[in-house]
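Participant: Sharing a structure here in structure tokens format.
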Amino acid sequence: MRKTTGYLLHPSIPLDSGSSELKIADIGTGTGVWLLELAEELPSSYQLHGFDVSSAGFSDQSWLPDNVSFRALNAFEPPPKELWGQYDIVHIRLFVMVIEEDPIPVIDHCMKLLKPGGHLQWDELNLSDLEIVKSKPDVSTESLQRMVDNAKTHSSQKWVPQLPTTLTQSGFDKPTVSYHKPPPCYRKMWMEADTVATESLAANVADANGPLGPSEALKALAKGCHKETQQGAAIVKMYQVVTARKPL
Ligand SMILES: C[S@@+](CC[C@H](N)C(=O)[O-])C[C@H]1O[C@@H](n2cnc3c(N)ncnc32)[C@H](O)[C@@H]1O
């Protein structure tokens, strides 16, 4: 994602708190890839804590830098009291499939984690802006178009464009929003990653009565999209980075 945005942390977020003990939390950290990349650039005195409802992606502590750790935490439930007001920066990335409709509980819990004056950064896919591009004019994009239509009708997209307003309504100050599209050279790479993700959704999550439809249909759609990608078409997605500050 840094190849798309040009940064891990938005340049408006100060990394020098005047103390040697800056603390950063990453909510829904997965394998902690964002946190681990950031750790390479920061002083080892800074504390980086990854939280996720599932520990499946966590590396063993013996494989991690001393200032990085992971802990189980459900973003939909209030964080334990000992974490309240502990963090200078709270980061969330790619919750578009995690939050169905209402991000407010997650926003409230991030507010609790932050110190007064602390910064929130939320990196999200904005599915309201999906563009199909082709490197050759005669390439079919039928499957890709069906994938785009599916994504646009899925309800979980709607809270994303409203995030800056929702943050203000939830008590955050000074929201900023930046939009980024990946450079053309990364389009194919993203499409390959999407094929793997869609196949995994088809195998694990798809259900005939759910928004993704039956598993077999989703698998067939992933195959069609992959074929069209191989022939030179791609879906270009927009990444939205929102920052906001907890009042002092
Ligand atoms: C698409 S992945 C993003 C992982 C990571 N943020 C990244 O950008 O590489 C979504 C992550 O959210 C986590 N997640 C899902 N529900 C959650 C919840 N209620 N609380 C915390 N994390 C959750 C999943 O386990 C998964 O690791």
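What follows is calculated from the coordinates using simple rules that are stated; it is not laboratory data. Just so it is clear, the structure is predicted and the values come from calculations on it, not from any experiment. Backbone-built Cβ (ideal geometry, glycine too); neighbour counts: all protein chains shown.
Participant: Under the rule of at least 5 residues apart or a separate chain, name every residue whose amide H is placed under 5 Å from the amide H of residue 53.
Facilitator: Amide H neighbours of residue 53: 28, 73, 75.
Participant: Related question: Go through region 74-134 and name the chymotrypsin sites (Phe, Trp or Tyr not before Pro) that are in a DSSP coil and have 13 or fewer other Cβ atoms within 10 Å of their Cβ.
Facilitator: 76
Participant: Lysines near residue 81 by alpha-carbon distance under 23 Å, same-chain residues fewer than 8 away left out - which ones?
Facilitator: The reachable lysines, counting only those whose Cα sits under 23 Å from residue 81, are 23, 112, 115, 246.
Participant: Report, by chain and number, residues whose modeled amide H sits under 5 Å from the one on residue 91, excluding near sequence neighbours (fewer than 5 apart, same chain).
Facilitator: For residue 91, the qualifying residues are 25, 26, 27, 121.
Participant: Then there is this: How compact is the chain by the rule of thumb for globular proteins, expressed as Cα Rg over 2.2 N^0.38 Å?
Facilitator: Cα Rg divided by the expected 2.2 N^0.38 Å: 1.07.
Participant: So what are the radius of gyration and Dmax for the Cα set of region 91-197, in Å?
Facilitator: Every Cα atom of region 91-197 included, Rg and Dmax give 16.6, 56 Å.
Participant: Also, I was wondering about something else. Taking the chain as a Gaussian network, Cα atoms linked when under 10 Å apart, which of 112, 219, 23 shows the biggest mean-square fluctuation?
Facilitator: Of the options given, 219 has the highest mean-square fluctuation.
Participant: Then there's this: So, R0 is 45 Å and r is the distance between the beta-carbons of residue 248 and residue 200; what FRET efficiency does that work out to, to 0.05?
Facilitator: Computed FRET efficiency for residue 248 and residue 200 comes out at 0.55.
Participant: For the chain, which DSSP H helices look membrane-span-like by this rule: Cα extent along the axis of 18 Å or more and mean Kyte-Doolittle of at least 1.6?
Facilitator: Qualifying helices, which must be both long enough and hydrophobic enough, do not occur.
Participant: Using 0.36 nm times the number of residues separating residue 71 and residue 15, minus their current alpha carbon distance, what extension gain do you get?
Facilitator: Stretched fully, the residue 71-residue 15 segment lengthens by 17.9 nm.
Participant: Which FRET efficiency value, to the nearest 0.05, is calculated for residue 142 and residue 179 with the Förster distance at 22 angstrom and r the Cβ-Cβ distance?
Facilitator: FRET efficiency, residue 142 to residue 179: 0.20.
Participant: Could you calculate the FRET efficiency of residue 219 with residue 45 from 1/(1 + (r/R0)^6), where r is the beta carbon distance between them and R0 is 41 Å, rounded to 0.05?
Facilitator: Taking R0 as 41 Å, the efficiency between residue 219 and residue 45 is 0.25.
Participant: Restricting to region 2-245, compute how many DSSP beta bridges are antiparallel as a %, nearest 5.
Facilitator: 50 percent
Participant: Of 85, 184, 67, which is farthest towards the positive pole of region 2-245's charge dipole, taken about the Cα centre with +1 and -1 on the beta-carbons of Lys, Arg and Asp, Glu respectively?
Facilitator: Toward the positive end, the furthest listed residue is 184.
Participant: Continuing with the same structure: Among residues other than residue 235 whose Cβ falls under 9 Å from its Cβ, what is the net charge (Lys/Arg +1, Asp/Glu -1)?
Facilitator: 0
Participant: Here is a further query. I need the phi-derived Karplus couplings for region 70-79: 6.51 cos²θ - 1.76 cosθ + 1.60, θ = phi - 60°, integer Hz, Gly and Pro marked x.
Facilitator: Computed from phi, the couplings for region 70-79 are 10, 8, 6, 7, 8, 5, 8, 10, x, x Hz.
Participant: Calculate the dipole size of region 2-245 relative to its Cα centre from +1 charges on Lys and Arg beta carbons and -1 charges on Asp and Glu beta carbons; express the result in debye to the nearest 20.
Facilitator: Charge dipole of region 2-245: 560 debye, to the nearest 20.
Participant: Assuming 0.36 nm per residue, please report the length gained on full extension of the stretch residue 61 to residue 100 beyond their Cα-Cα distance.
Facilitator: 10.8 nm
Participant: Moving on. What value does region 4-100 have for Rg/Rh, both radii from Cα atoms and Rh as Kirkwood defines it?
Facilitator: Reported Rg/Rh, Kirkwood definition of Rh: 0.94.
Participant: Same structure, new question: Give me, ordered by chain and number, the residues 5 or more places off residue 129 or on other chains with an amide H under 5 Å from its own placed amide H.
Facilitator: Amide H neighbours of residue 129, under 5 Å, 5+ apart: 238.
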